[in-house]
């Protein structure tokens, strides 16, 4: 609950900070329970995740930023006064926003009073009502989606992917605002058009595990057109990947070059009308970061899109097998009613991995290399492989974990490695 020019958060606990006094001092919100650490202010736009709470009721999963009246509270004591600036930009959870849209500000105040345990304190309710009405009575049109909330993960199935894509497309074409720090305000319509054209990819669980493991070791990669599996695409991982908890990605050509957008799922834990409205107005995904990629742009290994680039690299090599699945019948009927072609849904899974003598560093029978007395696991890793005209270019290729040593030698048990199976998609995964 801070003014726009003071938009700071604590780097330690990821919580937005309030300001006190003039000149301003950054403090944790009074309702926030901390371990006693001092605020470590950083600009909010530097953080992938911000542990906001609803400024009306304290719910830990706010979804919209609203603009309203500038609210300042002044407490006067015997010796001094205290000024707390609540700002003109407040976060609202799905439930509070639903009540506000319906003109039921009393229900918003009820939620706040219950959350604070002040149901039996009429004077406290009156003070809360004064603060809320000071903001809401001067509320400005519009709202901005909060994209940094750490929602619990929602699993998106392959069958749901067309519906998820369509709802996201509709959100991009709506009048709802996105945070300026995403830098896609001017390209929203192009991203929406790209989503409509996009090839749809659903990554199975085993392949997702492999991609996440590979992304953790990813070297710098030059991203060229031949690496990307389609001109426009949308990809879903069935479980969040990396510490950024990413669940989806989309890419499309825009006036600024190819644009990659990464997403988290939203809405887990909501029920009833708030969930229904969120699904209708936004959908299942919220963009968390965007990258504009010119040709041969270098993606460093610690880039937010590392998991996506690792997935592309794995699809481009024989690690991946892509099969086409039928979409759900209800989805097909929806497309037919609007005279749109039924989308193709591509399921990506791990191709069975086999090694041959001399591959991945194994010794060749009859060579002079001394055979080890036991077999041991070699961890998965990236290796540069020549490609392109005259094989002058280099591209990282992921080498699966493999056993090194004679087939009849015992496996050395002191080394552990994460094994990934080859999993064919089951019919129920696709229908």
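Read the figures in this text as sums done on the coordinates, not as results from a lab. Just so it is clear, the structure is predicted and the values come from calculations on it, not from any experiment. Note that each Cβ is placed from the backbone with ideal geometry, even for glycine, and that neighbours are counted across all protein chains shown.
Please work out the Cα center distance from the range 6-54 to the range 169-227, rounded to the nearest Å. Value for the Cα centre distance between the two parts: 30 Å. Projected label points at residue 133 and residue 183, each 7 Å from Cα along the beta carbon direction, are separated by 4.5 nanometres. Shown here: the range 158-351, whose C-alpha atoms stretch 45, 38, 34 Å along the first, second and third principal axes, sorted largest to smallest. Taking 0.36 nm per residue of sequence separation and removing the Cα-Cα distance, the residue 49/residue 33 pair yields an extension gain of 3.9 nm.
Remark: 228, 255, 203 ranked as 255, 228, 203, counting other beta-carbon atoms within 10 Å and listing the fewest first.
Distance between the 7 Å Cα→Cβ label points at residue 239 and residue 40: 3.0 nm. So if R0 is 25 Å, what FRET efficiency would residue 276 and residue 114 give, r being the distance between their Cβ atoms, rounded to the nearest 0.05? Efficiency computed from Cβ-Cβ geometry: 0.65. The order of 107, 273, going from fewest to most other C-beta atoms within 10 Å of their C-beta, is 273, 107.
In this simple spin-label approximation, residue 106 and residue 170 carry label points 7 Å from Cα along the Cα→Cβ vector, and these lie 3.3 nm apart.
Once fully extended, how much extra length lies between residue 140 and residue 298, figured as 0.36 nm per residue of separation less the alpha-carbon to alpha-carbon distance?
On the way: separation 158, 0.36 × 158 = 56.88 nm, distance 4.17 nm.
In short, 52.7 nm is gained.
In this structure, residue 330 and residue 253 have a Cβ-Cβ separation that, at R0 = 35 Å, corresponds to a calculated FRET efficiency of about 0.65.
Among 90, 382, the ranking by other beta carbons within 10 Å of each residue's beta carbon, starting with the fewest, stands as 382, 90.
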